[in-house]
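Below: the structure, in structure tokens.
Every read-out reported here was derived from the displayed coordinates using simple, explicitly stated rules and does not represent laboratory data. Predicted model only: the values in this text are computed from it and were never measured. Note that each Cβ is placed from the backbone with ideal geometry, even for glycine, and that neighbours are counted across all protein chains shown.
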Amino acid sequence: MRKIILTCLFFEMFLHSSCTSTDKNKQTNKEDNIAVENGLIPSNTASLMEIKEYVLWIQDTENGFKKEKKIDDLTFSVQYKPYEYIICEEERKEELPDTLLKNKILEINNMQYYDFKISVNEGAGELLKHQLSSSQEYEKRVNYFSFMMQNDIQLVEDKDTLPCALFHFERTYGASPSSIFLLGFPVSKNKTAVEKTLLIYDRTFNKGLLKFTFTRKDLRNLPKIKTHEY
Amino acid sequence: MLLKNKILILLSFFLLLVIGYNVYLYTTSPKTGFVLIQEVYNGFDMKKEFEKKYATTLNARKKIVDSLTFELNVLLKKIETEKEKNKSTIQEFNTKREEYIQRKKNYEEDNAALTKQYDQEILTQLSQYVKDYGEKNHYTYIFGNDGNGSLMYASDTKNITKEVLEFINSKYKGAE
């Protein structure tokens with residue numbers, strides 16, 4: 001008899017807890033959304049993080065804001081840089097005032113930014129000298145990386161294909177076996193968190209078309225940084 | 001009663017031994033699978049995209065060559081119908097013909113080079129993604145069946161073509 005009563009009680013508790021959680025869900029769905037640069041993120045899912053934690057989170061490949069592709073002897077990676085991330089990297093502070101963050105975002109929010117990196121997997125030396133056949137080829141590569149490569153990069157968002165409007169090649173002069181390219185694209189008219197696919201045609205190392213897709217699901221998980229009022 | 005217990009203990013020990021041996025065999029034996037190379041190659045999204053791109057380039061070049069052929073034919077007919085052969089028309093025809101020959105030759109060479117380049121780029125990425133699949137799923141060997149006799153027989157249960165194709169297309173998309 002005691003067992004039956006206990007089972008009934010447990011069942012009732014289970015039913016009650018599941019009903020209340022459904023009510024909660026309904027309530028949060030009605031809540032306002034928090035607008036972020038990627039679109040609209042429901043307030044209940046946009047988590048708040050301290051600056052250090054936020055930067056590490058964005059740089060972690062598991063969270064979908066950094067994509068990596070190892071092909072043969074090279075690794076290609078793309079870091080999507082949300083505005084808050086750019087400001088954290090620029091300011092290099094552990095705390096940021098809310099007003100500063102908002103003002104800085106206004107300065108850069110007419111574009112969207114990515115870092116594209118090519119690294120040699122084994123061995124050191126300048127990437128530009130990797131599998132080089134002649135000195136003329138070296139000059140050709142420098143010229144291509146500095147000026148022409150921009151034309152081989154595009155960003156696809158839904159039906160929009162956006163050209164690479166901002167391009168900068170960071171030369172390392174042999175200090176590192178990798179090269180970084182800073183990329184900027186116009187902000188698409190569609191302000192919601194759509195899937196973004198970066199297309200890069202590699203003409204230098206004959207790897208062909210490289211695609212990096214930032215899924216809608218990952219973009220919607222973008223956290224916000226904890227700011228402070230001064 | 002004691003004898004019965006002893007038999008039970010012995011049987012349990014024997015059973016454990018058999019299970020242990022099977023687990024050992026399962027963990028140490030190489031994991032293998034095979035793919036139908038043609039199916040993987042044809043189903044690879046990069047190959048499909050490059051095929052379309054190549055067809056567009058080929059068509060554009062063909063149109064240029066066709067219009068040159070048409071112009072040459074018009075000039076030829078003009079020369080044939082003229083009673084007094086006009087030197088300038090003949091010169092124009094010769095220049096056009098040279099241009100036609102040169103362009104056709106260049107396009108043929110470029111088309112062959114483009115096919116070679118695309119094939120190399122596709123195979124580089126394809127091989128890498130199959131390797132990634134093997135590593136991720138702990139395969140010791142993945143064989144390629146291309147029907148030339150290098151793989152004479154394999155059980156259908158070892159056919160991982162579908163899984164590999166899904167994986168390589170997802171890798172190519174770069175969503176992982």
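Which residue fluctuates the most in chain B, going by a Gaussian network model with Cα springs under 10 Å, if the choices are B:17, B:36, B:114?
Largest GNM mean-square fluctuation: B:17.
Under 15 Å from a label point 7 Å along Cα→Cβ of residue B:127: give me every residue in the range A:203-217 with its amide N that close.
A:206-208
What distance in nm separates the simple spin-label points at residue A:132 and residue A:63, each placed 7 Å from Cα in the Cβ direction?
Each label point lies 7 Å from its Cα, and together they span 3.8 nm.
Could you tell me which trypsin sites (Lys or Arg not before Pro) in the range A:118-179 are loop residues by DSSP with no more than 10 other beta carbons within 10 angstrom of their beta carbon?
A:159
The range A:117-226: which chymotrypsin sites (Phe, Trp or Tyr not before Pro) are DSSP loop and have at most 12 other beta-carbon atoms within 10 angstrom?
Loop-located and lightly packed - A:173.
Residue by residue through the range B:25-35, which ³J(HN,Hα) values in whole Hz follow from phi under the Karplus form 6.51 cos²θ - 1.76 cosθ + 1.60 (θ = phi - 60°), with glycine and proline marked x?
Running phi through 6.51 cos²θ - 1.76 cosθ + 1.60 with θ = phi - 60° gives 4, 5, 7, 9, 6, x, 7, 10, x, 9, 10 Hz.
Estimate the FRET efficiency between residue A:142 and residue B:76 by the formula 1/(1 + (r/R0)^6), using the beta-carbon distance for r and 51 Å for R0, to the nearest 0.05.
0.55
Determine the dipole magnitude for the protein assembly as shown: charges of +1 sit on the beta-carbon of Lys and Arg, -1 on that of Asp and Glu, nothing else is charged, the reference point is the Cα centre, and the result goes in debye to the nearest 20.
Charge dipole of the protein assembly as shown: 1020 debye, to the nearest 20.
Once fully extended, how much extra length lies between residue B:136 and residue B:55, figured as 0.36 nm per residue of separation less the alpha-carbon to alpha-carbon distance?
25.6 nm
Calculate the dipole size of the range B:50-154 relative to its Cα centre from +1 charges on Lys and Arg beta carbons and -1 charges on Asp and Glu beta carbons; express the result in debye to the nearest 20.
With only Lys, Arg, Asp and Glu charged at Cβ, the dipole is about 440 debye.
I'd like to know which of B:115, B:143, B:95 lies farthest towards the positive end of the charge dipole of the range B:50-154, counting +1 on Cβ of Lys and Arg and -1 on Cβ of Asp and Glu.
Sorting the options by dipole projection puts first B:95.
No solvent, one uniform scatterer per C-alpha: report log10 I(q)/I(0) for the range B:50-154 via the Debye equation at q = 0.23 1/Å, two decimals.
-1.16
From the Cα gyration tensor of the protein assembly as shown, with a ≥ b ≥ c the square roots of its eigenvalues, which class applies: rounded if a/c is under 1.5, or else prolate if a/b is larger than b/c, or else oblate?
Note, shape of the protein assembly as shown comes out oblate.
Around residue B:43, what is the net charge, scoring Lys/Arg as +1 and Asp/Glu as -1 over all other residues with Cβ under 14 Å from its Cβ?
Spelling it out: positives minus negatives among the neighbours equals -1.
Whose amide H sits under 5 Å from the amide H of residue A:195, counting only residues 5 or more places off or on another chain, with H placed in the peptide plane?
A:158, A:216
I'd like to know which of A:100, B:37, A:64 lies farthest towards the positive end of the charge dipole of the protein assembly as shown, counting +1 on Cβ of Lys and Arg and -1 on Cβ of Asp and Glu.
B:37
If amide H atoms are built 1.01 Å from N in the plane of the peptide, which residues on other chains or at least 5 residues away come under 5 Å of the amide H of residue A:187?
A:112
Using θ = phi - 60° and the Karplus form 6.51 cos²θ - 1.76 cosθ + 1.60, what ³J(HN,Hα) does each residue of the range A:57-73 get, whole Hz, x for Gly and Pro?
Running phi through 6.51 cos²θ - 1.76 cosθ + 1.60 with θ = phi - 60° gives 5, 5, 7, 7, 4, 5, 8, x, 9, 10, 10, 10, 9, 9, 10, 6, 9 Hz.
Using only helices, what value at 222 nm comes out for the protein assembly as shown when you add -39,500 (n - 2.57) per DSSP H run of length 4 or more and divide by the total residues, to the nearest 500 deg cm²/dmol?
-17000 deg cm²/dmol
With a cut-off of at most 12 other beta carbons within 10 Å, and DSSP calling the residue loop, which GluC sites (Glu not before Pro) in the range B:56-91 qualify? Please list them.
Here the GluC sites (Glu not before Pro) that fit, given the DSSP loop and packing criteria, are B:82, B:84.
Can you compute the modelled spin-label distance between residue A:99 and residue B:8, with each label point 7 Å from Cα toward Cβ, in nm?
It works out to 8.2 nm between the two label points.
Taking θ = phi - 60°, what integer Hz values does the Karplus form 6.51 cos²θ - 1.76 cosθ + 1.60 yield along the range B:108-121, in sequence order, with x for Gly and Pro?
Listing the rounded values in order: 4, 5, 5, 4, 5, 5, 5, 4, 4, 5, 4, 4, 5, 5 Hz.
Which of the lysines could be linked to residue B:105 by a straight reach, that is with a Cα gap under 25 Å, when you skip same-chain ones fewer than 8 residues away?
B:52, B:53, B:62, B:63, B:77, B:96, B:116
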